Amino acid sequence: MRIAIASDHAGFDLKQDIARWLADEGHVVTDCGPQSNARVDYPDFGYKLALAVTGGASDFGIAICGSGIGISIAVNRHPKMRCALVNEPLSAMLAREHNDANAIALGARLGGIDMAKACIAAFMVGRFEGGRHEGRVDKLSSPPFVPQTVS
C-alpha cells in the first residue's frame, strides 16, 4: 500500500518508528514531515498529509501529534478527508468499515508503538461496508453542511 504519514514535534519519534515498520512490511511510505523533532505547528503537516491522500499519491494517511486531536482536526479541514482519531484496534477497524476513513490519527503521548501498530493493522484490513453507511459518508463531503432536524 501507499501510505502518507505526518506528525508534529510531539509525534515525531512515533512517526519515524511507524514509517520504518511500514517500509519493512513492504509498503511505500510518503513522509510528509517534519524531518526533525524541532517545534512545529501540526496544521502545516496535517494539510500536507491531506493533500498527499486526496491527490492520489497515497492510499491513506496516518497523522500523529501528542494527543492525536489537533492533527486530526487539521486533516479534516480538507473536505475529502475523513480522519478518525483512534486509540485501539476496534475503533480503527470501524473507522474504515462504517465511516470510510481515509486517514487515522494517533496520540503519541497516549499509546506506544505496539498499540499504534495494532491500530494501523486493523485499519488496513478494514473495508468500507457501504450500504446504510454510504449516504451518511456522502454527506460528510458535500458542503455546505446543513443539519437536519430530528423529529
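Convex hull volume of the Cα atoms in the chain, per residue, in Å³?
That works out to 112 Å³ per residue.
Given a cut-off of under 8 Å on Cα pairs at least six residues apart, what relative contact order in percent is computed for the chain?
Numbers: 305 pairs, mean separation 34.2, N = 151.
Relative contact order here is 23 percent.
Once you charge only the Cβ atoms, +1 for Lys and Arg and -1 for Asp and Glu, what is the size of the charge dipole of the chain about its Cα centre, to the nearest 20 debye?
So the magnitude is around 340 debye.
Give me the net charge of residue 54's neighbourhood, meaning all other residues with Cβ under 14 Å from the Cβ of residue 54; Lys, Arg count +1, Asp, Glu -1.
Summing Lys and Arg as +1 and Asp and Glu as -1 gives +3.
Please go through the stretch 30-87 and write out the trypsin sites (Lys or Arg not before Pro) that DSSP classes as loop and that have at most 13 other C-beta atoms within 10 Å.
Loop-located and lightly packed - 39, 77, 80.
No lab work stands behind these numbers, since they all come straight from the coordinates. Note that this is a predicted model, so its numbers are computed, not measured. No Cβ is skipped: glycine too gets one built from the backbone with ideal geometry, and neighbour counts run over all protein chains shown.
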